[in-house]
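Some notes on the structure that comes next.
The values are calculated or read from the model by the stated rules, or taken from the named source; none is laboratory data. Just so you know, these numbers come straight off a predicted model, no measurement behind them. Ideal geometry is used to build each Cβ from the backbone, glycine not excepted, and the neighbour counts take in all protein chains shown. Note: areas computed on protein heavy atoms with side chains; ligands, DNA, RNA excluded. Shrake-Rupley method; radii C 1.70, N 1.55, O 1.52, S 1.80 Å.
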Amino acid sequence: MPFQPLPQDQPSAILSCPDCHASWLIYEQQVGLPITCPGCGSTARPTHLGHTKAGSGRQVSFPSFRRLLEQPDTAHRVIPIVERWLNLRYEGALRFVDPAGQPVLLTEVHFQLQGQAEWQGAIYNLFMSSVR
Ligand SMILES: [Zn+2]
């Protein structure tokens with residue numbers, strides 16, 4: 001049976017892909033399980049980089065973040081703040097580019113947002129209002 005997080009579970013373990021070096025967050029219970037890189041689809045065993053600062057309880061998982069961008073009613077609220085905070089431009093189809101026009105992996109966008117308490121809280125609030 002695939003792992004199903006409980007509502008109170010928060011993704012807090014940081015993984016890094018040995019192939020594309022994307023970083024992303026998973027649930028503690030998933031550490032050590034076979035997992036596919038959300039950046040490149042590699043199934044190589046990811047490196048466990050450690051944990052986000054415990055205690056915020058306001059992390060939003062990568063799949064949930066992607067859903068926020070995919071759903072029109074939340075995308076129009078999430079995309080402008082991601083563009084402003086990270087100085088990126090949204091090109092549609094879940095693609096962001098930096099000011100030089102270089103693509104930035106969605107996993108990297110998520111990781112940067114989750115690494116900053118204020119941004120993390122804002123994304124969490126958007127997520128919670130979208131699942132109500
Ligand atoms: Zn990868």
### Query
Pick from Trp119, Trp24, Trp85: which residue has the top mean-square fluctuation in a GNM of the chain where Cα pairs under 10 Å get a spring?
Trp85
### Task
Mind jotting down the three principal axis lengths of the stretch 62-131 based on Cα atoms? Whole angstrom, largest first.
34, 25, 19
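Would you mind working out the accessible area per residue for the stretch 62-131, using a 1.4 Å probe, and quoting it in Å²?
Values: 3680 Å² over 70 residues.
Spelled out: the 1.4 Å probe surface of the stretch 62-131, per residue, equals 53 Å².
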### Query
In deg cm²/dmol and to the nearest 500, what is the mean residue ellipticity at 222 nm of the chain if only DSSP H runs of at least 4 residues count, each as -39500 (n - 2.57), divided by the residue total?
-11500 deg cm²/dmol
### Query
Per 10 Å bin, what percent of the C-alpha pairs of the stretch 11-51 does each bin hold, from zero upward?
36, 59, 5
### Query
Which listed residue (Ala122, Phe65, Gln30) has the Cα farthest towards the positive end of the charge dipole for the chain, taking +1 on Lys and Arg C-beta and -1 on Asp and Glu C-beta about the Cα centre?
Ala122
### Task
Please find, in a Gaussian network model of the chain (springs between Cα atoms separated by less than 10 Å), the residue of Gly39, Gly57, Gly101 whose mean-square fluctuation is greatest.
Gly101
### Relative contact order of the stretch 11-51, defined on C-alpha pairs under 8 angstrom at six or more residues apart (%)
49
### Query
Ignoring any ligand, DNA or RNA, what whole percent of the accessible area of the chain comes from carbon and sulfur when the probe is 1.4 angstrom?
53
### Task
Note down the magnitude of the dipole of the stretch 62-131 about its Cα centre, charges +1 on Lys and Arg C-beta and -1 on Asp and Glu C-beta and zero elsewhere, to the nearest 20 debye.
80
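Mind checking the full-extension length gain between Glu28 and Ala93? Use 0.36 nm per residue of separation minus the Cα-Cα distance, one decimal, nm.
Full extension of this stretch gives 20.4 nm more.
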### Message
Within the chain, which whole H helices from DSSP have a Cα span along their axis of at least 20 Å and a mean Kyte-Doolittle hydropathy of -1.0 or more, if any?
### Response
72-86, 117-131
### Task
Return P(r) of the chain (all Cα-Cα pairs; 5 Å bins starting at 0; whole %; ordered from short to long distances).
2, 10, 21, 23, 21, 15, 7, 1, 0
